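Encoded as structure tokens, the structure appears first; notes follow it.
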Amino acid sequence: MSIKNRPCPICKRPRQEDYTPFCSQRCKDRDLARWFGDGYAVPGERVDPEEIAARDWDGQE
Ligand SMILES: [Zn+2]
């Protein structure tokens, strides 16, 4: 199965090529907000499967 078939890590809807790996600018912004919000203060403490998935694609495309 192609990497392009993976869903948006934020809302699980099909991703849009323009916003890969997300489905929209909105989800892209949400992901950023999450990094600057929750995860920022305690790096390494929480392991969120969605964040791992989000990292997995980084640099591959
Ligand atoms: Zn989405």
Across region 2-37, what is the total count of residues that are of a type in the set (S, T, Y) and in contact with a Lys or Arg (Cβ under 7 Å, 6 or more places away or on another chain)?
1
Residue satisfying condition, being surrounded by 13 or more Cβ atoms within 10 Å (Cβ to Cβ), among the basic types (K, R), within 13 Å of the ligand (Cβ to nearest atom) and at pLDDT 90 or above, within set R15, R6:
R15
Somewhere in region 41-50, is a residue at pLDDT 90 or above and either loosely packed, with under 11 Cβ neighbours inside 10 Å or in contact with a Ser or Thr (Cβ under 9 Å, 6 or more places away or on another chain) (or both)?
no
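The values are calculated or read from the model by the stated rules, or taken from the named source; none is laboratory data. Given the structure is predicted, the values throughout are model-derived calculations rather than measurements. Every residue, glycine among them, receives a Cβ derived from its backbone with ideal geometry; neighbour counts consider all protein chains shown.
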